[in-house]
Amino acid sequence: MNHQMPNDKEFIYNTDKKPLIIPEYGRYIQDMVDYLKTIEDKEKRNKSAKAIIQQLGMRNPHLRDVPDFQHKLWDHLFMMAEFDLDVDSPFPKPNPEKFKEKPEQLEYPNKGYRFRYYGHIIKKMIDIAVTWEEGELKDRLIKTIANHMKKNYLTWNKDHVEDAIIFEHLRILSDGKINMKADELKLREANQLVRKNNSQKNNNNKKRNNYNNNNKNTNYRKKRS
């Protein structure tokens, strides 16, 4: 039986079609939106628009019934319709100019400080702590900060560090405004701070060993057969 190759002209390649406005939804959804724009009957058009919204929501079923997410889906529908769509949306029709605006540039910290391995958030927490009034809440915050500093230090440096070193670094980062002593405050032990990391490492090693053992057994059975 002879089979004839189809003529290339019978196919419509994606490269010949207009670019997808929101590629994540795929060509099928875009075709549905394009067809929606051709429906003349307003009631039928509204019904079809809601059906497309349901299809969009199926991409994220756990968020489908969240009001803010529904608003986002309707915005996407108008975007894929190039804002040329007359349907009764439960939300205000988005302004096309708003989507053309460039996002505001993020401000990155440009002020350097010592001991960067503690992280920028720790430095912010220290700056906040020095503004608090003396009392139990401030003491608890300082203790939390110091324990986080010790954990970060152990993560990036070595397996042991004296509390006195952490308090000295805390004093430097606070410009001398927080001056704690090792005999005044006891921080958590190293094995308490990094226990989760070590546990995760052991789990990863166990999985790796199981994978290697399974491969060895598979190769052994292949040789025997």
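Only the coordinates and a few stated rules stand behind these numbers; no lab work does. Computed from a prediction, not measured in an experiment: that's the story for all the values here. Using ideal geometry, Cβ is built from the backbone for each residue, glycine included, and neighbour counts are taken over all protein chains shown.
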Can you give me the distance in nm between label points at residue 177 and residue 99, each placed 7 Å from the Cα along the Cα-to-Cβ direction?
4.7 nm
How would 153, 28, 117 line up from fewest to most surrounding beta-carbon atoms within 10 angstrom?
28, 117, 153
Where a ≥ b ≥ c are root eigenvalues of the Cα gyration tensor, a/c under 1.5 meaning rounded, otherwise prolate if a/b exceeds b/c and oblate otherwise, segment 116-194 counts as prolate
